[in-house]
Amino acid sequence: MNQYLIVSFQAVVLFPIVVAVFTLPYIAYNYHKYGSILSLKVLIVYSFIFYLLCMYCLVILPLPSPEKAATLHSHKMQLEPFLFIKDIIKKAHVIPSEPKTWLTIVLNKAFLVNILNLFLAVPFGMYLRYYFKKSFSQTFILSLLLSLFFEITQLTGLYFIYSGSYRLFDVDDLIVNTLGGILGYAIVGPLMIILPSRDELDEVSYKRGMEISLFRRVVSFFFDMAFISIITILSRPLMHQFHILRAFEIVTLSYFSVLPILTKGSTLGNFITSTAIVSTKGGHPKFFAYFLRYFLFFGIYLYLPMYIRQALENFMLINTDASKDMGYATIELLIALIYFLFLLLTTIKAALHRSLFYERWSRTKIESTVQVQ
């Protein structure tokens with residue numbers, strides 16, 4: 001039992017790392033397909049990932065010590081089907097005339113190990129049927145393949161990292177794990193009567209995808225800035241005469257001004273989040289509207305406060321009257337406070353799906369392009 005607790009703890013430790021790798025593609029997929037991220041679907045998917053991670057750790061870990069690994073030179077296999085039944089009977093010590101000995105059938109190690117293998121795969125079948133909408137035959141095949149993956153991993157010594165297998169390849173594990181997946185498929189059937197179906201969850205996701213949430217804007221902008229950074233790095237040989245920050249500004253302005261014209265209102269971030277920039281009057285904006293939109297966006301949110309702060313610092317540097325330093329510092333603090341309140345107001349308006357100043361002035365807006373399937 002202590003070994004299982006240690007292995008489970010290792011799964012808990014590894015989970016945040018797996019989540020960090022998985023989250024960005026998952027967000028991109030959901031926004032591209034549905035235009036939204038539903039919290040219940042996130043809970044289901046991440047619980048499935050955590051379950052698979054626990055299952056992997058329980059089956060693969062603990063790894064052999066260096067001393068033990070040095071002795072591994074063979075690949076051990078047990079290919080006789082249903083040998084576990086013989087093992088259970090052999091270790092049961094049942095005396096038909098003494099009912100209390102019948103309990104040895106379920107209390108011996110051979111039985112408990114196989115019961116653990118059975119129930120280890122039960123959630124897999126439940127997830128496959130409920131969330132991934134797999135049929136009985138698909139659940140059977142996928143459960144078998146999952147078990148086969150674990151057995152081959154053990155047989156090959158973690159894919160030949162070790163010179164031999166550190167655990168037994170057992171055909172009975174394939175049988176029991178597959179039965180566990182099928183059992184999970186059967187168990188979740190009645191529960192699906194009271195649980196919201198996958199189609200109902202998708203319907204809610206599509207409905208929310210018609211709106212442009214604040215987080216959706218942030219995700220789109222994040223991907224855009226990531227692409228701009230990559231383009232800036234790749235184009236450095238062509239713009240070596242410019243400082244890296246100046247090159248970044250040139251790429252940013254070109255990206256947001258030219259790309260939407262060529263793609264009818266979409267940047268790469270818009271494409272990923274299934275959004276597009278359209279005219280407030282309907283249709284595509286005029287070609288200069290894209291430039292005006294992002295010139296106002298970056299100008300007001302980034303460059304204006306930066307230049308104001310730089311101007312104040314220059315005044316402080318040329319100031320010879322020490323009594324005015326406190327005045328300049330107070331002005332800088334007030335401007336910072338005003339800027340913070342302005343950002344806060346903008347964030348609130350975006351969260352409430354209100355148009356922002358640069359959208360009104362450029363007569364553009366972001367619209368969802370999600371296609372309900």
Accessible area (Å², 1.4 Å probe, nearest 10) - ILE6
90
Say we join alpha carbon atoms closer than 10 Å with springs in a Gaussian network model of the chain; which of LEU128, LEU356, LEU334 then has the biggest fluctuation?
LEU334
Checked segment 254-294 with the C-alpha gyration tensor, a ≥ b ≥ c its square-rooted eigenvalues, rounded below a/c of 1.5, otherwise prolate if a/b is larger than b/c and oblate if not; verdict oblate
Which of LEU53, LEU345, LEU245 moves most in a GNM of the chain, Cα contacts under 10 Å?
LEU245
Using only the alpha-carbon atoms, what does segment 174-220 span along each of its principal axes? Please give whole angstrom values in decreasing order.
48, 26, 10
Using the Cα gyration tensor of segment 122-253, with a ≥ b ≥ c the square roots of its eigenvalues, what is the shape: rounded (a/c below 1.5), prolate (a/b larger than b/c) or oblate (neither)?
oblate
Using percent of Cα pairs over 34 Å apart as the read-out, say which of [x] 54; [y] 29; [z] 35 was calculated from these coordinates.
[x]
By the DSSP-based rule, helices of the chain that are at least 15 Å long along the axis (C-alpha) and have a mean Kyte score of at least 0.0 are 2-33, 39-60, 109-120, 136-155, 171-191, 214-234, 244-262, 287-298, 304-318, 325-351
Send over the semi-axes of segment 237-373's equivalent ellipsoid, whole angstrom and largest first, taken as the square roots of 5 times the C-alpha gyration tensor eigenvalues.
36, 21, 11
Just read off the accessible area of SER220 with the full protein assembly in place, 1.4 Å probe, to the nearest 10 Å².
10
Grab the DSSP H runs of the chain that are 4 residues or longer, score each as -39,500 (n - 2.57), total them, divide by all residues and round the 222 nm result to the nearest 500 deg cm²/dmol.
-22000 deg cm²/dmol
Want the number for LEU168 to LYS264: 0.36 nm per residue separation, take away the alpha-carbon distance, what's left?
28.7 nm
Estimate the FRET efficiency between GLU313 and ALA28 by the formula 1/(1 + (r/R0)^6), using the beta-carbon distance for r and 51 Å for R0, to the nearest 0.05.
0.80
In nanometres, what is the gap between the two model label sites at ILE6 and TYR51, each 7 Å from Cα along Cα-to-Cβ?
2.7
Rounded to the nearest 0.05, what FRET efficiency do VAL42 and GLU332 give with R0 = 51 Å and r taken as the Cβ-Cβ distance? Could you check?
0.75
About its Cα centre, how strong a charge dipole does the chain have in debye, to the nearest 20, once Lys and Arg get +1 and Asp and Glu get -1 at the Cβ?
820
Place a point 7 Å from the Cα of LYS109 along the Cα-to-Cβ direction; which residues of segment 168-185 have their backbone N under 16 Å from it?
168
Ordering GLU359, GLU249 by the accessible surface of their heavy atoms, 1.4 Å probe, largest first, yields GLU249, GLU359
Once each part is reduced to its C-alpha centroid, what is the distance from segment 129-178 to segment 9-66 in angstrom?
19
Spin-label pair HIS93/PHE15, simplified geometry with 7 Å Cα→Cβ offset, distance in nm:
3.9
Gyration tensor (alpha-carbon) shape descriptor, segment 230-318, a/c threshold 1.5:
oblate
Keeping all protein chains in place, calculate the accessible area per residue for segment 230-373 (probe 1.4 angstrom), answer in Å².
66
Over what distance in Å are the Cα centres of segment 246-284 and segment 327-352 separated?
27
Karplus ³J(HN,Hα) for segment 358-365 (6.51 cos²θ - 1.76 cosθ + 1.60, θ = phi - 60°; Hz, whole; x = Gly/Pro) runs 5, 6, 5, 5, 8, 6, 10, 7
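The values are calculated or read from the model by the stated rules, or taken from the named source; none is laboratory data. On a predicted model such as this, the values are computed, not experimentally measured, just so you know. With ideal geometry, Cβ positions are generated from the backbone for all residues, glycine too; neighbour counts draw on all protein chains shown. These area figures cover heavy atoms from the full protein model, side chains too; ligands, DNA and RNA do not enter into them. Shrake-Rupley method; radii C 1.70, N 1.55, O 1.52, S 1.80 Å.
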